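The values are calculated or read from the model by the stated rules, or taken from the named source; none is laboratory data. Please read these numbers as outputs of a predicted model, since none were measured by experiment. Because the Cβ atoms are built from the backbone with ideal geometry, glycine has one as well, and the counts that use them run over all protein chains shown. For accessibility, only protein heavy atoms count, side chains too; no ligands or nucleic acids. Shrake-Rupley method; radii C 1.70, N 1.55, O 1.52, S 1.80 Å.
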Amino acid sequence: MASTMLSLASSAPSASLSMHEFHKGKANLWSSGLSFNREKINPLIITKSFGRTSMVAAVNVSRFEGITMAPPDPILGVSEAFKADTNEMKLNLGVGAYRTEELHPYVLNVVKKAENLMLERGENKEYLPIEGLAAFNKVTAELLFGADNPLIEQQKVATVQGLSGTGSLRLAAALIERYSPGAQVLISSPTWGNHKNIFNDARVPWSEYRYYDPRTVGLDFEGMIADIKAAPEGSFVLLHGCAHNPTGIDPTPEQWGKIADVIQEKNHIPFFDVAYQGFASGSLDEDAASVRLFAARGLELLVAQSYSKNLGLYAERIGAMNVVCASADAAARVKSQLKRLARPMYSNPPIHGARIVANVVGDPALFNEWKAEMEMMAGRIKNVRQKLYDSLTAKDKSGKDWSFILKQIGMFSFTGLNKAQSENMTNKWHVYMTKDGRISLAGLSLAKCEYLADAIIDSFHNVS
Ligand code: PLA
């Protein structure tokens, strides 16, 4: 007996099934478990070919049927929800992106000047080398470690231009996965949500160290030290160089010294994420003090840098990965491997942002102008922080102490609002924020502080 075949034709790729498979009602199109069922096959057209009966079925089934809907990103997804809201009081305090007092995005004047220079010079768009723009790599390491740091002169720093902070962290994660297999990364609890994604995707095991103490709304320093001590020797310890995200709580200089002590004792490898240099205090040098303290001890360390915030180059994806090594020889080898990892991932990095940074930092006049603009941005954030505190204190008659807001630094405030309270902020007050209670003060204006204070007081006292 001639066997009956189903030939499935549709705008989706077609597939042939034996009757046996069809009767089972399910057939895998992909080894990933992609499947469809009989109800979706429509309509069936029976044709004859070579004396055998064939049925041609048009299907509405996608080859991607087995792919489920991913949840929105906890940070970037907030901006999407904000855009969809038509209420005029709405406020986007989700993503950490600087806004003017009028709540408009801000392009720094020095960036515009650097871009004009680039146009005047008529620079080309040739591929960069895998490690990025040499002039950028030079200035980025100098900005981080200090231009006169002997490590640079001794060529002990392997610097590779990365796809901003995120891409640089991801590259370092790939390096850890390949050359320190099994080593774990210790991350603070809580931390920037994407850290976990980055290490998960790179298949690097991670665990958490205590950081935030909700009772004091401050640093759990004892817990932090104990957890770093308890970790297996040779772990990577991820530290926020300044302006810890999301808490806004940084260790004091003395505490940094003690953290360096236990890291040294345990032979751990410090791994700094520096996404806010100059944006926390307004001073590039002050915000790099933690990294420089570790580097001065002669420790090998990793540092990811980002120019999203301090130069407002969010969409240019410009940053770097720096690995400080014990010798120039080791640094050369590490750099060669970073390039090897980068090549299949993205081949080579984009040039535009790299040229902006190189032009701004490399030109004394533009560099000074940048520092002034950075101070201005950091200053505006400090002003709204103060005004928010003043508004909360004036309006809230419960006696609650809101002074933790003033103790936090950087673009965020960790309000202590829980998930339900944060949802109330959005659903009732149209204040968009992450569900961990973090608000970006960079997206707040002085004019909106009172409204925000009303929203916080209502959510804190009336939602449990
Ligand atoms: N590291 C930390 C600690 C960050 O907060 C961010 C950005 C990055 C790295 C990466 O930024 P980049 O890739 O643009 O250089 N965090 C933001 C944005 C500002 C985000 O989530 O992507 C935030 O809202 O938390």
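Do you know which residues across region 181-231 are among the aromatic types (F, W, Y) and in contact with a His (Cβ under 9 Å, 6 or more places away or on another chain)? Outline the logic, then answer.
The first filter runs over region 181-231 and keeps only residues among the aromatic types (F, W, Y), leaving 192, 199, 206, 209, 211-212, 221.
Those that are among the aromatic types (F, W, Y) and in contact with a His (Cβ under 9 Å, 6 or more places away or on another chain): W192, W206, Y211, Y212.
Looking at I187, I152, which one is of a type outside the set (K, R), on the phi < 0 side of the Ramachandran plot and not in a helix (DSSP H, G or I)? Can you show your working first?
Numbers: I152 fails: not in a helix (DSSP H, G or I).
It is I187.
Tally time: how many residues in region 332-353 are under 19 Å from the mean Cα position of the chain (by Cα) and either within 18 Å of N116 (Cα to Cα) or assigned to a loop (DSSP other than H, G, I, E, B) (or both)?
As a first pass, look at region 332-353 and keep what is under 19 Å from the mean Cα position of the chain (by Cα): 342, 345-346, 349-350, 353.
Then keep just the ones that are either within 18 Å of N116 (Cα to Cα) or assigned to a loop (DSSP other than H, G, I, E, B) (or both); that gives 349-350, 353.
Looking only at that region, the number is 3.
Are there any pairs, at least 6 apart or on different chains, whose C-beta atoms fall under 8 Å, with the first in region 403-415 and more than 16 Å from the ligand (Cβ to nearest atom) and the second of a type in the set (S, T, Y) and outside any helix (DSSP H, G or I), and if so, which?
I405/S413; I405/T415
When you check V111 against the structure, is it part of a helix (DSSP H, G or I), within 16 Å of the ligand (Cβ to nearest atom) and over 27 Å from T247 (Cα atoms), yes or no? Working first, answer last.
Numbers: part of a helix (DSSP H, G or I): yes; within 16 Å of the ligand (Cβ to nearest atom): yes; over 27 Å from T247 (Cα atoms): yes.
Judged against the criteria, V111 is a match.
With the checklist (1) in contact with a strand residue (DSSP E or B) (Cβ under 7 Å, 6 or more places away or on another chain); (2) away from the ligand (no atom under 16 Å from the Cβ) in hand, flag the one item S164 doesn't pass.
(2)
Can you find even one residue in region 215-230 that is of a type in the set (S, T, N, Q), outside any loop (DSSP other than H, G, I, E, B) and surrounded by fewer than 19 Cβ atoms within 10 Å (Cβ to Cβ)?
no
Regarding region 397-408, can at least one residue be identified that is part of a loop (DSSP other than H, G, I, E, B) and crowded, with 20+ Cβ neighbours inside 10 Å? Spell out the reasoning first.
Looking only at region 397-408, we keep the residues that are part of a loop (DSSP other than H, G, I, E, B), and these are 397-403, 408.
Among the residues that remain, those that are also crowded, with 20+ Cβ neighbours inside 10 Å are: 402, 408.
Looking through region 397-408, at least one residue is part of a loop (DSSP other than H, G, I, E, B) and crowded, with 20+ Cβ neighbours inside 10 Å.
What's the total number of residues in region 387-428 that are over 24 Å from the mean Cα position of the chain (by Cα) and not small (G, A, S)? Reasoning before the result, please.
Here is the first cut: in region 387-428, the residues over 24 Å from the mean Cα position of the chain (by Cα) are 387-404, 406, 420-421, 424, 427-428.
With the extra rule that they be not small (G, A, S), the set shrinks to 387-390, 392-393, 395-397, 400-402, 404, 406, 421, 424, 427-428.
Selection size over region 387-428: 18.
Output the number of residues of region 111-156 satisfying the condition of being open to solvent by 30 Å² or more (accessible area, probe 1.4 Å) and within 24 Å of the chain's Cα centre (by Cα).
5
Only one of (1) out of contact with any Ser or Thr (no Cβ under 6 Å at 6 or more places or on another chain); (2) hydroxyl-bearing (S, T, Y); (3) within 16 Å of the ligand (Cβ to nearest atom) fails for Y432. Which number is that?
(1)
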